[in-house]
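A.B. asks: Supplied in structure tokens, the structure appears directly below.
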Amino acid sequence: MEAAAVRRAEDGALSGSVPPTDDQTHVSNSDAPWDEFDADAYWEKNYSTLRDDDEEILRRITAYFAANPPAGERPGLHTRLWRRLTRRAAPPTALGLDVGPGTNLYPALAMLPYCRRITLWEYSATNVRWLRNELRSFRSTWDVFWGQATGIRRSSGGDTRGLDPRPALARRVDVRQASIFDLPKSRFDVGTMFFVAESLTSDRSEFERATRAFVESLRPGAPFAAAFMEGSVGYQVGACHFPAVPVTIGQVKEFLTGLTPDLELHQVFSEKPLREGYHGTMILALGRASGKPLETPPGTVVATHEDAAAAAAT
Ligand SMILES: C[S@@+](CC[C@H](N)C(=O)[O-])C[C@H]1O[C@@H](n2cnc3c(N)ncnc32)[C@H](O)[C@@H]1O
């Protein structure tokens, strides 16, 4: 998670850089010390500045949501009349979800223009505390994330004038302490899940259950963005080690293709990986929930290692 995996960990005890010891190889979600997750250390390491890889992800998800806006509720008579009389954009109506937000606010910022409510569905008590406190009036470092998202939205034809993200986030976001495995079905109109399903367990079947629970919590047709660390074997945050399932883009593609009719996959690289020789690749999946498993053509792999290497060489 530093350029991907390395960066989200303290001092690189992450993806591929440090092999797990025997007793770290099988850690289920309930075994890991989530309530000791060091929220401040995680924020400092990962989100105190906007990194190149997060900038690319933010750009892609903002453009994707602008091109595939969530449906939300059907506007009622009053809203339709108000819109016609004032000629102003309707207030947002969608219900948004970010699962396992940790100390990352940019998925919520990307969904904010569409959502009347956003639920941050977080398991760890320390992260829940950190989020509730941060949301009262988020620190100025998030302004650069919002600025990026706003610029991209404008260039995609969207408008965020009149939307002040600080009070809007404070008003519209609920932080709920709960597990991904207890998400309701078909509830949300737009959703994000960043570095969660593969970073909460070392058990592959739990990774798959978590990913399925996320997609199935969305209404049919709801757009989503999900990011995964490629090849992570676990990570250190503060004093604690956390488990991970090392996934490949092929596995993410195979699994998600059954859950979304129009999967787009991107590999995201950092120009500044912390460790020599470590690529630190993230996988970004964009799609719309099908509501039920579909038999569809395989998803599209938009960028590969080879593409990135070729681009870097030019
Ligand atoms: C690697 S962090 C990712 C944090 C954040 N989404 C980001 O983009 O940096 C993994 C997150 O998953 C959360 N998590 C772990 N188990 C969970 C569960 N069963 N349900 C929901 N979230 C969980 C952790 O508390 C942590 O916030």
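A.B. asks: Which peptide among 155-164, 134-143 comes first, and what is the full order, when sorted by highest mean count of other Cβ atoms within 10 Å?
C.D. replies: On the way: 155-164: 12.0, 134-143: 14.4.
In descending order of packing, they fall as 134-143, 155-164.
A.B. asks: Still on this structure, please answer the following. For a Förster distance of 45 Å, can you work out the FRET efficiency between the beta-carbons of E271 and S137, rounded to the nearest 0.05?
C.D. replies: On the way: r = 33 Å, r/R0 = 0.72.
E between E271 and S137, to the nearest 0.05, is 0.85.
A.B. asks: How large is ³J(HN,Hα), in whole Hz, for each residue of the range 166-182 in order, when computed from phi with the Karplus curve 6.51 cos²θ - 1.76 cosθ + 1.60 and θ = phi - 60°, using x for Gly and Pro?
C.D. replies: Each residue of the range 166-182 in turn: 5, x, 5, 5, 4, 7, 8, 9, 10, 9, 10, 8, 6, 8, 4, 6, 10 Hz.
A.B. asks: Listing E271, E230 from the residue with the fewest other Cβ atoms within 10 Å to the one with the most, what is the order? Could you put the intermediate results ahead of the total?
C.D. replies: Details: E271 9, E230 23.
The fewest-first ordering by Cβ neighbours comes to E271, E230.
A.B. asks: Here's something else I'd like to know. Taking neighbour counts of Cβ atoms within 10 Å as a proxy for exposure, in what order, fewest first, do T150, T62 appear?
C.D. replies: T150, T62
A.B. asks: Between R209 and E36, how many nm apart are label points set 7 Å from Cα along the C-beta direction?
C.D. replies: So the two model labels end up 2.4 nm from each other.
A.B. asks: Now for a different question. Compute the length gained on full extension between T49 and V144: take 0.36 nm times their separation in residues and subtract their Cα-Cα distance, giving the result in nm to one decimal.
C.D. replies: Fully extending the segment from T49 to V144 adds 33.4 nm.
A.B. asks: Here's something else I'd like to know. Rounded to the nearest 0.05, what FRET efficiency do L81 and R161 give with R0 = 25 Å and r taken as the Cβ-Cβ distance? Could you check?
C.D. replies: E between L81 and R161, to the nearest 0.05, is 0.65.
A.B. asks: For a label point 7 Å from the Cα of R129 along Cα→C-beta, name the residues of the range 148-189 whose backbone N is under 14 Å from it.
C.D. replies: Under 14 Å, as judged by backbone N against the label point of R129, lies no residue of the range 148-189.
A.B. asks: Once the Cβ-Cβ distance between R117 and H26 is put in as r, and R0 is 35 Å, what FRET efficiency do you end up with, to the nearest 0.05?
C.D. replies: The pair R117/H26 has a calculated efficiency of 0.40.
The numbers here are math on the coordinates, done by the rules we state, and not lab data. These numbers come from a predicted model, not from an experiment. Ideal geometry is used to build each Cβ from the backbone, glycine not excepted, and the neighbour counts take in all protein chains shown.
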